[in-house]
Amino acid sequence: MTILALETSCDETAVAILRCRNGHSGSELLASEVASQTAEHEKFGGVVPEVASRNHLVHAPRLLERVARQAKVEISQIDAFAATSGPGLASSLMIGASIAKGLAIGFGKPYLAINHLEGHLLSPFFGEAKIKANVSLVVSGGHTMSILVRAVGDYKIIGRTVDDAAGEGFDKIAKLLGLGYPGGPEIEKRAANGDPKRFDLPRSMPDSENFSFSGLKTAVRYLLPKLGVIPNPATRDEGSHSRSLDSRGLLRDQSANERSTRSPRRPRDDKLLNDLCSSVQAAIVDVLVRKTIAAAKKHDVDLVTVSGGVSCNRELRKQLGEACKRHGFEFKTAEPWLCTDNAAMIAFAAMLKLKNDVSSSVTQEIDPNLALAI
Ligand code: KG4
Ligand code: ZN
C-alpha cells in the first residue's frame, strides 16, 4: 500500500509518499519534500493568504514530480491520495485538497481528508503500526491543545488556548524583541546563553486545564520600556487604527499600541536579550509541562506525547521528558523534522485510517475551522 499526501494548510507546500513495509505492519517513508515560503511572507509581517495559495500552485506540481522520482514510483502506482482538509487558510487548503481529489478521481483511487492537528498528534508514532492511548500536547503556531488520545480517530480535548497559541506567543514576543520569524527557533537560540530566572514572567491560568499566552506577551511588552530598550507603547497615540495581518495571515484591526510592538527594535544589550529570551522560554515551557503532567495524571494514561512546531524546542523536550520520568509516564515525541508542518505526518495519519477502512468522499469540502473533537 503506497499513499501520497499533500499538506498546504498555511504557507508550507509539502508532499510525501509513504508505503506499508512488506511483511511488517509499520510504514516506510519513501520521500518527503517541503517548500517553505517564509521569505516571501516575511516582508508583510505575516502570511498573506493570496500569496500563499499562488505559491502552492507553483510549488505543488514540482514537489509531486520530485517525490515520485525520489520514491521511484509512478503516480499511477499510488494506492490512495490524501490531503490536509483543515484547519488552516481556506485558499491554501483548497490547493492541496483539489490536487489530491483530482488524482484520486483520475486514477480511481481512494481520497482521504486529514485533519492537520491529527497529523501532528499522531506524528510521535510515525512509522509504527499501532497507537497507544496517551495524553498528547499539540503545540504549533496556530494551536495549543492537550488531548486525550484513546485510539486513531478517538480524541477528547482536555484543554486549549483561550488566546494566543504557544508558537504564536514565541513569534509575537520575538517580534517585540526585534528577532526574526519564526520566533520560536530565534528565542531558543538566544535562550541557550541566557538566565531563565532573571525575569519573573507570568504563568497564566495555573489552575485551569486551558492555556493562555497573551498575558506573557503583554508582560514583555511593558517590561521592555522599563528596561529602557524599546519606546514605551503607552506614550503612543492609542486612538488610531490600521489594518494588518496577524500571524495566521488574517486581516484584522490594529491599534497604534499594537503597531508599536511590530517595530523591530532589538535591545542592544546581548546579555539582556539572552536573559529575556531565556525567561520567556522558561515561562512557556513551565506552563506546558505542568499542565500536560496534570492532564496525564487526571486521565490515567501511561504515555505522554508532544508534537507540533514548538515541540522542536529542546528545553521543552528535555523538561517534559524529565517530568514524565519523575511521574512515571513514558514519553514520546517525533524527530524535529516531523514536528514542523510536513506531508509525511498527513500520509501517516491517512495510512492508519486506511488500515481501519476509513476513507473520505471526494465531495468532502475543506474546512478552515475543522475541529479535531468536541
Ligand atoms: O506546526 P508548525 O510548523 O505550524 C503550524 O501548524 O502552526 O509550527 C510553527 C510554530 C511557529 O510558531 C514557530 O515559532 C514554532 O512552531 N517553533 C518553535 C521552534 N521551532 C518552531 N517554537 C519554539 N522553539 C522552537 N525551536
Ligand atoms: Zn502545523
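The values are calculated or read from the model by the stated rules, or taken from the named source; none is laboratory data. Nothing here was measured: the structure is a model prediction, and the numbers come from that model. Cβ: placed from backbone, ideal geometry, glycine included. Neighbour counts: every protein chain shown.
When residues in the stretch 302-327 are screened for being over 18 Å from GLU168 (Cα atoms) and within 16 Å of ligand 2 (Cβ to nearest atom), 1 of them pass. Any idea which residue in the stretch 358-373 is surrounded by the fewest Cβ atoms within 10 Å (Cβ to Cβ), counting only those that are over 16 Å from the mean Cα position of the chain (by Cα) and within 12 Å of SER9 (Cβ to Cβ)? Out of the qualifying residues, it is ASP367. In the stretch 328-352, of all residues being more than 16 Å from ligand 2 (Cβ to nearest atom) and not aliphatic (A, V, I, L, M), the one that is nearest to GLY308 (Cα to Cα) corresponds to LYS332. Tell me, which residue of the stretch 139-195 that is near ligand 1 (Cβ under 7 Å from one of its atoms) and of a type in the set (D, E, K, R) is surrounded by the fewest Cβ atoms within 10 Å (Cβ to Cβ)? Here the residue is GLU188. Does LYS355 fit the bill of being surrounded by fewer than 22 Cβ atoms within 10 Å (Cβ to Cβ), more than 15 Å from ligand 2 (Cβ to nearest atom), at pLDDT below 95 and at negative phi? Considered against the rule, which asks whether it is surrounded by fewer than 22 Cβ atoms within 10 Å (Cβ to Cβ), more than 15 Å from ligand 2 (Cβ to nearest atom), at pLDDT below 95 and at negative phi, LYS355 comes out as yes. Being assigned to a loop (DSSP other than H, G, I, E, B), within 13 Å of SER279 (Cα to Cα) and not β-branched (Val, Ile, Thr): is that true of PHE170 here? Answer is no for this residue. Pairing each residue of the stretch 332-343 that is touching a residue at least 24 places away in the same chain (Cβ under 8 Å) and under 18 Å from GLN37 (Cα atoms) with any residue that is away from ligand 2 (no atom under 12 Å from the Cβ) and β-branched (Val, Ile, Thr), provided the two are 6+ apart or on different chains, yields C-beta distances under 7 Å for ALA343/VAL15. Among the conditions (1) closer than 19 Å to ALA347 by Cβ; (2) over 21 Å from the mean Cα position of the chain (by Cα), the only one that GLY108 does not satisfy is (1). When you check LEU103 against the structure, is it touching a helix residue (DSSP H, G or I) at 6+ places or on another chain (Cβ under 7 Å) and either within 16 Å of ligand 2 (Cβ to nearest atom) or modelled with pLDDT under 95 (or both), yes or no? Judged against the criteria, LEU103 is not a match. Before we move on, is CYS324 of a type in the set (A, V, I, L, M, F, W, C) and within 12 Å of ligand 1 (Cβ to nearest atom)? Criteria not met by CYS324. Quick one: in the stretch 298-322, which of the residues that are closer than 15 Å to VAL149 by Cα and not polar (S, T, N, Q) is nearest to the chain's Cα centre (by Cα)? Of everything passing the filter in the stretch 298-322, VAL306 is nearest to the chain's Cα centre (by Cα). For first residues located in the stretch 119-144 and more than 10 Å from ligand 2 (Cβ to nearest atom), partners that are of a type in the set (D, E, K, R) and lie 6+ apart or on another chain with Cβ distances below 6 Å form the pairs PRO124/LYS332; ALA133/ARG150.
I'd like to know if the stretch 321-333 contains one or more residues that are part of a helix (DSSP H, G or I), of a type in the set (Lys, Arg) and either under 21 Å from SER123 (Cβ atoms) or touching a Leu at 6+ places or on another chain (Cβ under 9 Å) (or both). No, every residue in the stretch 321-333 fails to be part of a helix (DSSP H, G or I), of a type in the set (Lys, Arg) and either under 21 Å from SER123 (Cβ atoms) or touching a Leu at 6+ places or on another chain (Cβ under 9 Å) (or both). Taking ALA343, is it within 16 Å of ligand 1 (Cβ to nearest atom), surrounded by 15 or more Cβ atoms within 10 Å (Cβ to Cβ) and under 30 Å from SER91 (Cβ atoms)? So ALA343 passes the test.
Being surrounded by fewer than 24 Cβ atoms within 10 Å (Cβ to Cβ), touching a helix residue (DSSP H, G or I) at 6+ places or on another chain (Cβ under 6 Å) and not in a loop (DSSP other than H, G, I, E, B) holds for only one residue in ALA83, ALA31, ALA5, ALA52, and it is ALA31.
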